[in-house]
Amino acid sequence: MVFGSILENKEFRERLKEEDPNDAQDFLEEKGIFLKINLLEALEFINKPNELSKIDYVVLDVDMPLQDEDDIDNENYLSSLIEKYDSKDDLRKIAGYQIYTELVIELGFPKSHILFCSNHANYFEELKSKFNSANIKYPISPNPDKPFLEKEDKDLIKQWLDDAHSDYFVLRRGIIEACNHLKTLSDAKLDFNGFINEKGKKVSLDEMHDYLGVLANFLPLREPDNKATFYKLFVRTLAHEWEAAKEVKDLAWIMKSTRNWIAHNSKLFDALDEQTVAYLFIINMRLMFNLGNKVLPYEKKLLALFDKEALSDQEFRTINANSRIPTNKAYRDLKNLVQDERAYVNDAFPFGKLANNIQESNSGFRDDKPLFTKLLYQIFWLNTSNPTVSTGKKRNVLEIQFWNFNYAKEPYIFEIARHIYKRSFLEN
């Protein structure tokens, strides 16, 4: 099985004991893999824009049945193709060629995103001849000297699949699936207007759908060489709506700060990675929509970008239960960087205002990209913990108290917290 390296083998075996093609299709679709078992199915799928938009990469067999034996209504759909061959069997032997040319030539799908992999190596020469006669370059594969792989080429297949699941494409697909889901929500689920004061222009559901449409189509299917530039522009677009937000508190400070900083000192966002873009996207949508307490499928996909650095479930539960989250130290570290007395507000030092103070002053830390990236993560903790600060009159001692916030109270808060913990508090 080509996808064995990205699926859990035991689960796969249990679900496919009877090796029923329809069962395989249903199971693989749950994993984001769309299996088409004949040429007709494949051509119908790729020629529907809403279906083709679901995929980023394609694996093609060489030999494929032309259609289901019971499917007689669509014979004319294939007739023009069959006429180009001596027989239906000749078309069947190189059916993958027809899908490839339709994807690349007619639909503009990236060649580098298509892999030929087959058990029918005896048809490869005929396939090469077809490419040669049409004056079309051979497909691209991990081995430049072997455009058509056999299923025994496990290392090359794994290399290609790893590229297909790079952080860029996980991020891109997670954003697309999120926007598609959010477009299905009713007006009652739109919370963003609660941040806009009475004099501000409220956002309609249609306007929000336009906004989601822009975000869904922002990152190109071909991974750009200058992807950091795309990430910066994406975050600028993501945060732009917060210009109208006046009444912000708690997690909303994350997006309000992002909007302010990228508008007034955009160089802070020159080196964004997939994880930080995913984090800001998740927080943004949680603020704009009422999404309930559970972790949504697209959030699981995006949070998986943090898997290599996330705390385990039990590890974070222990830290949370024992109140060992270092909010106090993070607060003091930031306070020590602030030189401008304008940070004082009603005898308190709100964390978000302290961070903004550095941007508004001539601080030497104003252009510190790693610092402000970390602050965007730390606002998640400091603004949920709500610090109360006072200065002792006798010895001018700064006293800080934080609410004992329970990050295990809501499933989505818990998952975000354990995934971003290291980025928030550990030294780079």
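Each Lys or Arg adds one and each Asp or Glu subtracts one; over the other residues with Cβ under 13 Å from the Cβ of residue 325, this totals +4. For region 406-417, 3J(HN,Hα) computed residue by residue from phi via the Karplus equation (6.51, -1.76, 1.60; θ = phi - 60°) reads 9, 6, 9, 5, 10, x, 6, 5, 4, 5, 4, 4 Hz, glycine and proline entered as x. If the segment from residue 317 to residue 89 were pulled out straight at 0.36 nm per residue, it would be longer than the present Cα-Cα gap by 76.0 nm. Taking amide H atoms as placed 1.01 Å from N in the peptide plane, the amide H of residue 118 lies under 5 Å from those of 149, 150, 151, each 5 or more residues away in sequence or on another chain. As a quick test, which of the pairs 137/308; 31/369; 202/227; 36/146 have an alpha carbon distance above 27 angstrom in this structure? The pairs that break the limit, which is 27 Å between Cα atoms, are 137/308; 31/369; 202/227. Helix 327-337 and the longest principal axis of the C-alpha atoms of the chain enclose an angle of approximately 70°. Projecting the alpha carbon convex hull of the chain along each direction and taking the average yields 26.1 nm². Close amide H contacts of residue 289 (hydrogens built in the peptide plane, cut-off under 5 Å, sequence separation of 5 or more or a different chain): 191. On the beta carbon distance between residue 29 and residue 154, with R0 = 22 Å, the FRET formula returns roughly 0.35. Using only the alpha-carbon atoms, how far is helix 205-216 inclined from the longest principal axis of the chain? Give it as 0 to 90 degrees, nearest 10. Once rounded, the angle reads 70 degrees.
Over all other residues within a Cβ to Cβ distance under 13 Å of residue 268, the charged ones net out to +4, with Lys and Arg as +1 and Asp and Glu as -1.
Shown here is the pair-distance distribution of region 98-241: with all Cα-Cα distances grouped in 5 Å bins from zero up to the longest one, the shares run 2, 8, 13, 15, 14, 12, 10, 8, 7, 5, 4, 2, 1, 0, 0 percent.
Restricting to DSSP H runs of at least four residues, report the calculated mean residue ellipticity at 222 nm for the chain, -39500 (n - 2.57) per run over all residues, nearest 500 deg cm²/dmol. The helix-only estimate for the chain comes to -14500 deg cm²/dmol at 222 nm. Residues whose amide H comes within less than 5 Å of that of residue 59, counting only those at least five positions distant or on another chain, are 115 (H built at 1.01 Å from N in the peptide plane). Remark: spin-label model distance residue 367-residue 137 equals 4.1 nm, labels positioned 7 Å along the Cα→Cβ axis.
Dividing the Cα radius of gyration of region 36-164 by 2.2 N^0.38 Å, with N the residue count, gives 1.03.
With θ taken as phi - 60° and the Karplus curve 6.51 cos²θ - 1.76 cosθ + 1.60 applied, the whole-hertz 3J(HN,Hα) list for region 362-373 is 9, 4, x, 9, 4, 9, 7, 4, x, 4, 6, 5 Hz, x standing for glycine and proline. Taking Cα atoms only, the orientation of helix 124-133 departs from the longest principal axis of the chain by about 90 degrees. Each label point was placed 7 Å from the Cα along the Cα-to-Cβ direction; for residue 324 and residue 233 their separation is 4.5 nm.
Mean-square fluctuations from a GNM of the chain, with a 10 angstrom spring cutoff on Cα atoms, peak among 352, 194, 174 at 194.
Counting Lys and Arg as +1 and Asp and Glu as -1 over every other residue whose Cβ lies under 12 Å from the Cβ of residue 45, the net charge comes to -2.
Any read-out appearing in this document is the output of simple, stated calculations on the displayed coordinates, not a laboratory observation. Since the model is a prediction, treat every value here as computed from it, not as a measurement. Note: ideal-geometry Cβ built from the backbone for every residue, glycine included; neighbour counts use all protein chains shown.
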